[in-house]
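Quick note: the coordinates plus some simple rules give every number you see, no bench work behind them. Just so you know, these numbers come straight off a predicted model, no measurement behind them. Don't worry about glycine lacking a Cβ; one is built from the backbone with ideal geometry, like all the others, and counts go over all protein chains shown.
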Amino acid sequence: MEDCIFCKIIDGELPSENVFENDTIIAFKDINPQATHHLLIVPKKHISTINDLNENEGDDALVGKMTLVAKNLAREINLSGYKLQFNVGKSAGQVVFHIHMHLLSKG
Ligand code: DGP
């Protein structure tokens, strides 16, 4: 998707500190961390907001996989606890309109 920062990261046109990548999902460090550990788990498929998810296109499984990536990363980093968050829409603070799950933790 043209003019999407996260699509550019996925395509390697913009740099990112990746912590995970497979065929459908990438995870990288947030450029402006709000916690000691702040990762973004991002599907490679461009979906603007959670409101645009479509179960007929397998997006239910995709979001499930994002959650499992978060769980596995938390275990790898040895986090004792963490928050997972989606911001949905401008009024909720969504700035990048390509869905992403925030993983936030003090450690
Ligand atoms: P949200 O407010 O939910 O749309 O969160 C967007 C997050 O994306 C925000 O925490 C900052 C992060 N971010 C924005 N641009 C970049 C970038 O170019 N690289 C990285 N690593 N993170 C970015």
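Points worth noting:
- Taking a straight line from the alpha carbon of Lys44, these lysines sit under 23 Å away, with near neighbours fewer than eight places off in the same chain left out: Lys8, Lys29, Lys65, Lys71, Lys83, Lys90.
- Length-normalised contact order of the chain in % [C-alpha pairs under 8 Å, at least 6 apart]: 32 percent
- Between Asp23 and Thr67, the simple label model (points 7 Å from Cα in the Cβ direction) yields a spacing of 2.3 nm.
- Between Asn51 and Ile31, the C-beta separation translates, for a Förster distance of 22 Å, into a calculated FRET efficiency of about 0.35.
- For Asp60 and Lys8, a Förster radius of 22 Å and the Cβ-Cβ distance give a FRET efficiency of 0.25, rounded to the nearest 0.05.
- When only alpha carbons of the chain are considered, Rg and Dmax amount to 13.2, 38 Å.
- Measuring max minus min along each principal axis, the C-alpha atoms of the range 1-59 give extents of 36, 24, 21 Å (largest first).
- 0 to 90° range, to nearest 10: angle between helix 59-77 axis and the chain longest Cα axis: 20 degrees
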